[in-house]
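No value in this document is a laboratory result; all are computed from the given coordinates. Worth saying up front: this structure is predicted, and the values here are computed from it rather than measured.
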Amino acid sequence: MVSIRLAATLMFSSNMIITTPVAAAELYRFIDDNGTPTLSKTLPAEVSQQGYDILDEKSMRLIQRVPPALTMSQVVEQQQEQERQQQAKHAAQLAAENQRKQAIYDHNLKTKYQSELGLLNARDQDLQQRENRLMMLKEKRRDLYQRLQQTQQQAAENELSGISLSENLKNRLQAAQQELNNNRQSIEQLQAETNDLAQLYEQGLQRFRQLQNAEPTAR
C-alpha cells in the first residue's frame, strides 16, 4: 500500500512535469544560393548575412525576422544620414540659443532706452569721454617724446665729449622709452575700444529702430 506521503510526492512530481513548458523547436527560413526558399533546422554561415526568418517548427509561426546585414555603401550612407541629423539638431539648438539671446538683448535695449534720442545721447556721451581720454594720452605722448629726445641728446653730447654713459642716464633713457611705449599701447587699446563701442551703439541703434517700427502704432 502506497503511503500518503509518497502519493503526495508522486502527484507533485506529475504536476511539475505537466506544467513545465517545453522549449519550442525552431526552423530557419532563407533563400539559398539557387534562389529557392528553404527551411532548415540549421543556419548556414554563408546565408547568415543575407537575412532570414526564425519560425516555430510546430505552428510555423514567425518568431523573428532578421534583416540582411548592411552593405558597406549602406553603412556609409547611414553614417552620413546620422551626421546630417546631428548637424540639423545642432543648427536648431544654435538657432534657439541665438533667439533666446536676441530676446534678452531686445528686452534690455528697450528697458535701458525709452527713445532713440536717449540712445543717441548716451552714445555721444560715452564716445566723447573716450575721445577726451585719447586727447590726454596724445598730449602726454608729446611730453614723453620730448623728454626722450632731451635724454638722448644729453647722452649724445656726453659721447661726443668722451664721457661714458652713467647708470643714471642709462636708466633715464630706458625709462623714457618704456613710458613712451606704454603710452602708445594705451592709445592703441583705447582707440580699439572706442571703435568697438561705436559699432555696438550703431548695432543697438539699428535694432532699436527695428523694434520701434515693429510695434503697433497707438491710436
So what is the diffusion coefficient of the range 37-144 in µm² per second by Stokes-Einstein at 20 °C and 1.002 mPa s, using a Kirkwood Rh over Cα pairs? 97 µm²/s
The relative contact order of the range 22-70, taking Cα pairs under 8 Å that sit 6 or more residues apart, comes to a percentage of 35 percent
Percent of all alpha-carbon pairs of the range 129-219 at distances over 22 Å, whole number, is 55 percent
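Provide the gained length on full extension for the span Ser166 to His90, in nm with one decimal, where the gain is 0.36 nm per separating residue minus the Cα-Cα distance.
Numbers: separation 76, 0.36 × 76 = 27.36 nm, distance 6.64 nm.
Separation in residues times 0.36 nm, less the Cα-Cα distance, equals 20.7 nm.
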Per-residue ellipticity at 222 nm attributable to helices in the chain (runs of n ≥ 4 DSSP H, -39500 (n - 2.57) apiece, nearest 500 deg cm²/dmol) works out to -25000 deg cm²/dmol
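Per the Cauchy relation, a quarter of the hull surface: what is the mean projected area of the convex hull of the alpha carbons in the chain, in nm²?
On the way: hull surface 171.2 nm².
In nm², the orientation-averaged hull projection of the chain is 42.8.
Hey, what did the chain get for relative contact order, percent, Cα under 8 Å, at least 6 apart?
Details: 129 pairs, mean separation 30.2, N = 219.
Answer for the chain is 14 percent.
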If amide hydrogens are placed 1.01 Å from N in the peptide plane, which non-local residues have theirs closer than 5 Å to the one on Tyr52? Val66
Which whole number in µm²/s is D for the range 110-157 by Stokes-Einstein, with the Kirkwood Rh taken over Cα pairs at 4 °C and 1.567 mPa s? 94 µm²/s
Treating only the Cα positions of the range 174-213 as identical point scatterers, give the base-10 log of I(q)/I(0) from the Debye formula at each q in 0.23, 0.26, 0.30 Å⁻¹. -0.72, -0.79, -0.87
